[in-house]
């Protein structure tokens, strides 16, 4: 099984190998900032899986399959880093950290579509398309997300976005006016009851019912 840790090792081995130097356990430990003992144990797993050859007390050499896998992880990391930095506007350090988190779990289709979007963005920027600057402005604006009434502040007002109740509670709430797009105001929270105004009516909801009503604050 190829774990995220195994992929990290293969990527670092690939990068070290690409410098033209002879790679040792010490080099890998320094690069990954972990102990030589930990590296030695994982190196043996790489050898057992056919990704690495290890000269006794000596150099580490990727096999062809290890080298190909290391290249795949490296390219995925670089592509994700570029996506976060160039398209989402994150700084280089944060972009690299995010890429490290995602590179082990993204599937091929998602990866290819992210790269296609990145290339489309690059072409648009090179051609000075006006929407590119508008997109960066939009990215800086805070995004409002829906919240259940149980996490809303008294006085919060917004549109009902989601009703997560099961039947028969769902039907009863809808019959009381809790339908998509309806304006809902949280008037008061007291003793576990949530007093709300919906369609000019004041209703008291117990906590378990209020938790099923999600609003987007206006």
Inset, instruction - Starting from the Cα-Cα distance between residue 197 and residue 145, subtract it from 0.36 nm times their residue separation and give me the gain in nm to one decimal. - result: 16.7 nm
Inset, instruction - Multiply the residue separation of residue 59 and residue 4 by 0.36 nm, subtract the distance between their alpha-carbon atoms, and state the gained length in nm to one decimal. - result: 17.5 nm
Inset, instruction - Work out, in µm²/s and without decimals, the Stokes-Einstein translational diffusion coefficient of segment 160-217 at 20 °C, 1.002 mPa s, Rh from Kirkwood over C-alpha pairs. - result: 190
Inset, instruction - Could you work out the Kirkwood radius for segment 103-218, taking every pair of different alpha carbons, averaging 1/r and inverting it, reported in Å? - result: 17.1
Inset, instruction - Run a plain Debye calculation on segment 101-160 (Cα atoms as equal point scatterers, no solvent) and give log10 I(q)/I(0) at q = 0.15, 0.16, 0.23 Å⁻¹, rounded to two decimals, same order as the q list. - result: -0.77, -0.81, -0.95
Inset, instruction - Would you order 121, 84 from fewest to most other beta-carbon atoms within 10 Å of each residue's own beta-carbon? - result: 121, 84
Legend entry - Enclosed volume per residue, in Å³, of the convex hull spanned by Cα atoms of the chain: 208
Legend entry - Once the Cα gyration tensor of segment 1-126 is diagonalised, semi-axes √(5λ) in Å: 31, 14, 13
Inset, instruction - Multiply the residue separation of residue 154 and residue 88 by 0.36 nm, subtract the distance between their alpha-carbon atoms, and state the gained length in nm to one decimal. - result: 20.3 nm
Inset, instruction - Distance between Cα centroids, segment 11-44 to segment 149-201: provide it in whole Å. - result: 57
Inset, instruction - Express as a percent, rounded to the nearest 5, the fraction of DSSP beta bridges in the chain (both residues included) that run antiparallel. - result: 100
Legend entry - Residue order, fewest to most surrounding Cβ atoms within 10 angstrom, among 105, 120: 105, 120
Inset, instruction - Please give the FRET efficiency for residue 101 paired with residue 34, using the beta carbon to beta carbon distance and R0 = 22 Å, rounded to the nearest 0.05. - result: 0.75
Legend entry - Ranked packing of 70-76, 93-99, 10-16, 166-172, most packed first, by mean Cβ within 10 Å: 10-16, 70-76, 93-99, 166-172
Legend entry - Exposure proxy order (Cβ contacts within 10 Å, fewest to most) of 34, 106, 6, 215: 34, 106, 6, 215
Legend entry - Average Cα contact separation per residue, the chain, under 8 Å, 6 or more apart, as relative contact order %: 14
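Coordinate-derived values only; no laboratory data. These numbers were taken from a predicted model, which means no experiment stands behind them. Glycine also receives a Cβ, built like all others from the backbone with ideal geometry; neighbour counts cover every protein chain displayed.
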